[in-house]
Amino acid sequence: MTLIEIAQKLVGQRKGILAMDESTATCNERLESVGVLPSPERRRAWRDLLVTTPNLGNCISGAILVDETIRETALDGRPFVTALDEAGIISGIKVDMGAKDMAAFAGEKITDGLDGLRARFADYAELGARFAKWRAVLSIGGGLPSRGCIEANAHALARYAALAQEAGLVPIVEPELLMTGDDSLEECGRITEALLRSVFEQLSLGRVALDGMILKPNMVLPGLKCATQDPIDTVAGATVRCLLRAVPADVAGIAFLSGGQTGELATERLAAIRRIASLPGKDLPWPLTFSFARAIQWPALQIWAGHDANVWRAQAALFKRADCNRAALVGNYDGAMEQHAA
Ligand code: 13P
């Protein structure tokens, strides 16, 4: 498959991309938060639960794995990549090595992982990955993010994306502005736009084919601790406006991250964004979808809590979130869906 074909399969079917690419440390933290003692076997059991959820392929087009998972087998002995393939889901791989303190930029992060990336891409392609992800993380507030931090992260994203395309993998380019503080929606919009403009400038300089890449941005939101929590339609309008200003039309698609929003709120906002996108005269140039981790996994993780007896109920909860988000994409989401048992 060409890059354009892979990207279209990922974003052009009104299905989402499941992010299940937590690093070992983050996955362990999440397991501990529901009382599970973390271990390689427990991580494998949790990821098995996600991947073998019945009918997941109806709502999910791709799944982003981590190095540990792409080399492992599901509990029934099939490689995870095969299990996903048989469910109609394309495998992807997170290739960044995490956000590290940026020298000389107190309080800011730069994402590591470019060294040796060409060889790692060859290995991942061999293992069956058809797309990749790299996440840059920028904090807001107190004058941050600085221009230096924005440009360094944008440059790294572009170098990663070019290497991914060279290896035949579609890069998901994820510049995330963290909205965990008390900053306003206006501030988030202003900085997200500046960040996206810088990312696309670097992608252009780096000769990345935009029709063979997917952008994974934050929505334009008030911070989680902001006293003013703007209405859903305001968030949706600000998000669409920002993307129209900063994202070139030939990008293959846009897949939102959830960034700590609850599952239901992320879905409601996605549905509202889609409503604006389908207004007469809007005609957004790119397909929109979701690529959530927490907002799709969390209810399932709480139900599972490490017990085999809870697997099917947890899978039903995962499917419900995936299905609600798919409904949001096709314009069928209705709050009443949330009342139905998972
Ligand atoms: P959240 O949806 O939990 O923000 O995670 C998305 C993701 O892929 C982070 O890299």
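Values quoted throughout were computed directly from the atomic coordinates according to the rules given, and no laboratory measurement underlies them. Just so you know, these numbers come straight off a predicted model, no measurement behind them. Because the Cβ atoms are built from the backbone with ideal geometry, glycine has one as well, and the counts that use them run over all protein chains shown.
Here are a few things to note about the model shown:
- Listing ASP85, ASP101 from fewest to most neighbouring C-beta atoms within 10 Å gives ASP101, ASP85.
- Taking the DSSP bridge list for the stretch 78-198 and keeping only pairs wholly inside it, about 25 percent are antiparallel.
- Dipole in debye (nearest 20) - the stretch 143-252, about Cα centre, beta carbon charges: Lys, Arg +1; Asp, Glu -1: 220
- Gain on full stretching of the segment that runs from LEU75 to ALA249 - 0.36 nm per residue minus C-alpha separation: 58.4 nm
- Separation in nanometres of the label points that stand 7 Å from Cα toward Cβ, at ASN332 and SER39: 4.2
- Cβ-to-Cβ counts within 10 Å put MET213, MET102 in ascending order as MET102, MET213, the fewest first.
- Around ASP76: net Lys/Arg minus Asp/Glu count, Cβ-Cβ under 11 Å: -1
- Footprinting exposure proxy for SER61, SER146 (fewest neighbouring C-beta atoms within 10 Å first): SER146, SER61
- Estimated 222 nm signal from helices in the chain, with DSSP H stretches of n ≥ 4 weighted -39500 (n - 2.57), rounded to 500: -14500 deg cm²/dmol
- Taking Cα centre as origin and charging only the Cβ of basic (Lys, Arg, +1) and acidic (Asp, Glu, -1) residues, the dipole magnitude of the chain rounds to 380 debye.
- Neighbours of THR180 by Cβ distance under 13 Å: Lys/Arg scored +1, Asp/Glu scored -1, total -1.
- Divide the volume of the convex hull around the Cα atoms of the chain by the residue count and you get 129 Å³ per residue.
- The packing ranking of peptides 301-311, 134-144, highest mean first, is 134-144, 301-311, where packing means the average number of other beta carbon atoms within 10 angstrom of each residue.
- When the chain is treated as a GNM with alpha-carbon contacts under 10 Å, the residue of PRO285, PRO40, PRO299 showing the greatest mean-square fluctuation is PRO40.
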